[in-house]
1. Would you check if residue 114 is over 30 Å from residue 149 (Cβ atoms), of a type in the set (Phe, Trp, Tyr), without any contact (Cβ under 8 Å) to a residue 60 or more places away in the chain and surrounded by fewer than 21 Cβ atoms within 10 Å (Cβ to Cβ)?
2. Of the conditions (1) within 16 Å of ligand 2 (Cβ to nearest atom); (2) more than 19 Å from residue 127 (Cα to Cα), residue 105 fails just one. Which one is it?
3. Six or more apart or on different chains, Cβ atoms under 7 Å: show the pairs whose first residue is in the range 137-155 and part of a loop (DSSP other than H, G, I, E, B) and whose second is at pLDDT 95 or above and polar (S, T, N, Q).
4. Report, by residue number, each residue of the range 2-30 that is touching a His at 6+ places or on another chain (Cβ under 8 Å), away from ligand 1 (no atom under 13 Å from the Cβ) and either charged (D, E, K, R) or assigned to a loop (DSSP other than H, G, I, E, B) (or both).
5. Of 172, 136, which residue is surrounded by 15 or more Cβ atoms within 10 Å (Cβ to Cβ), at pLDDT below 95, more than 23 Å from residue 20 (Cβ to Cβ) and more than 14 Å from ligand 1 (Cβ to nearest atom)?
6. Look at the range 117-133 and say how many of its residues are within 11 Å of ligand 1 (Cβ to nearest atom), assigned to a helix (DSSP H, G or I) and among the small types (Gly, Ala, Ser).
7. Among the residues that make up the range 222-229, is at least one of them crowded, with 21+ Cβ neighbours inside 10 Å and hydrophobic (A, V, I, L, M, F, W, C)?
8. So which pairs qualify, if the first residue must be in the range 50-77 and among the aliphatic types (A, V, I, L, M), the second must be more than 14 Å from ligand 1 (Cβ to nearest atom), the Cβ gap must be under 7 Å, and the two must be at least 6 apart or on different chains?
Amino acid sequence: FRCLMSSILITGGSGYIGSHTVVALISAGYNPVIVDNLSNSKITVLDRIETITGKRPPFYQIDLRDRAALDVVFQTHSISAAIHFGGLKAVGESVAEPLRYYENNIESTLSLCFVMAARGVKRLVFSSSATVYGDPHTVPIREDFPLAPANPYGRTKLMIEQILQDLYAADPAWQIALLRYFNPVGAHPSGLIGEDPGGHPNNLMPYISQVAVGRRERLSVFGSDYPTTDGTGVRDYIHVMDLAEGHLAALRYMEKAESLSPQRQEYKLNLSSPDSLSFPRRRESIPLIVNLGTGRGYSVLEMVSAFEKVSGKTIPWQITDRRPGDIAACYADAIRAKDLLGWTASRTLTDMCADTWRWQSQNPAGYP
Ligand code: NAD
Ligand code: UD1
């Protein structure tokens with residue numbers, strides 16, 4: 001059996017950002033196919049995706065490092081592109097277990113690229129992170145800022161970016177987008193899918209919402225002596241549906257680039273002109289490296305009060321020590337995403353809090 005309908009492979013598609021992107025893709029008329037080993041997600045998310053969209057995307061429980069199993073997916077579906085969310089993402093865990101992080105994240109990407117290359121599928125969107133910038137010398141952060149991730153997780157992201165750039169340099173038939181996410185929060189407005197961290201949440205929004213729903217007693221605010229408006233850390237929180245739509249915009253950008261095919265033509269032209277061979281013009285924008293953020297930051301205390309307003313709940317909090325490795329402020333320069341992709345985040349902080357709260361209050365213990 002081979003499905004002839006053109007499909008988009010979504011690795012890590014049952015996870016938080018992947019599941020929201022699957023919904024956005026289906027709504028836009030694409031056919032996503034999910035591959036996930038369920039190491040950090042639950043199969044029940046598929047029922048929820050089906051309830052929201054009326055469609056149940058094909059799902060394969062496969063570890064990305066299993067090349068033979070992955071290849072079967074490419075034999076079964078006519079895949080035109082992959083969006084690669086699959087990976088481990090907990091910073092603290094990556095410090096404690098670096099080998100597991102390097103092995104999982106890098107090997108998964110290599111395996112995916114090998115299979116894609118063998119099957120002639122050379123359009124790839126990769127989930128990178130603002131963590132690759134480390135502690136920025138100034139904000140907002142532009143894509144050409146120095147890269148200096150401060151932990152093994154962040155280094156896997158940077159290494160993968162470098163691997164993908166080398167791959168593109170070796171074979172310009174690849175179309176590659178490196179999307180650097182800022183802080184994804186919120187949930188689908190239906191409240192049916194959302195972020196479901198197992199165990200103790202590391203990130204601010206899941207923690208706040210678990211306090212609101214009574215799963216945790218109070219929020220620890222990690223430091224109040226940062227050089228920010230109220231002394232607490234400032235981040236660029238972006239609604240996960242805006243982020244999902246950013247992936248659609250990147251995909252469309254690459255599809256358009258191919259249909260106009262200026263790049264391939266240009267590359268061919270360049271072959272006859274040795275001077276320009278080393279710098280074909282397309283290299284300015286592909287691999288596409290784009291920040292996905294809103295371009296503005298909110299402090300921890302601003303997030304707490306916005307959440308209290310929306311939920312009607314009081315969020316008890318106390319100031320504690322700074323968390324090691326944290327930085328004062330981190331927010332995106334979002335100009336390139338607007339210029340190149342025609343994409344900007346449109347949902348407000350109130351939307352982010354309201355949608356998080358709807359998901360959390362309807363699913364106090366997460367997915368069944
Ligand atoms: P998530 O953990 O919810 O989703 C990742 C999915 O990948 C999970 O479902 C997990 O089971 C799967 N996975 C992990 N290793 C795998 C493997 N070897 N084979 C198959 N599946 C595997 O995380 P998320 O928040 O949705 O993040 C998605 C991507 O975006 C990740 O690559 C993450 O590093 C990146 N990112 C996330 C954030 C964030 O704050 N959530 C920020 C920047 C970048
Ligand atoms: C974390 C990751 C980073 C990742 C990013 C996006 C760390 C050290 N960094 O960064 O690699 O790219 O998420 O998902 O984990 N805070 C509290 N109390 C809490 C939790 C957080 O005060 O219980 C504060 C933090 O100090 C920070 C802000 O809230 O100022 C946001 O924290 P968090 O959600 O963990 O995101 P990042 O620190 O940006």
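1. On the way: over 30 Å from residue 149 (Cβ atoms): no; of a type in the set (Phe, Trp, Tyr): yes; without any contact (Cβ under 8 Å) to a residue 60 or more places away in the chain: yes; surrounded by fewer than 21 Cβ atoms within 10 Å (Cβ to Cβ): yes.
Spelling it out, it is not the case that residue 114 is over 30 Å from residue 149 (Cβ atoms), of a type in the set (Phe, Trp, Tyr), without any contact (Cβ under 8 Å) to a residue 60 or more places away in the chain and surrounded by fewer than 21 Cβ atoms within 10 Å (Cβ to Cβ).
2. (2)
3. 143/291; 149/131; 151/94
4. 2
5. Values: 136 fails: at pLDDT below 95.
One residue alone meets the criteria, 172.
6. 1
7. Scanning the range 222-229, I find no residue that is crowded, with 21+ Cβ neighbours inside 10 Å and hydrophobic (A, V, I, L, M, F, W, C), so the answer is no.
8. From the range 50-77, the pairs are 52/190; 52/192.
The values are calculated or read from the model by the stated rules, or taken from the named source; none is laboratory data. As the structure is a computational prediction, the values presented were derived from the model and not from experiment. Cβ coordinates were reconstructed from backbone atoms using ideal geometry, including for glycine residues, and neighbour counts include every protein chain displayed.
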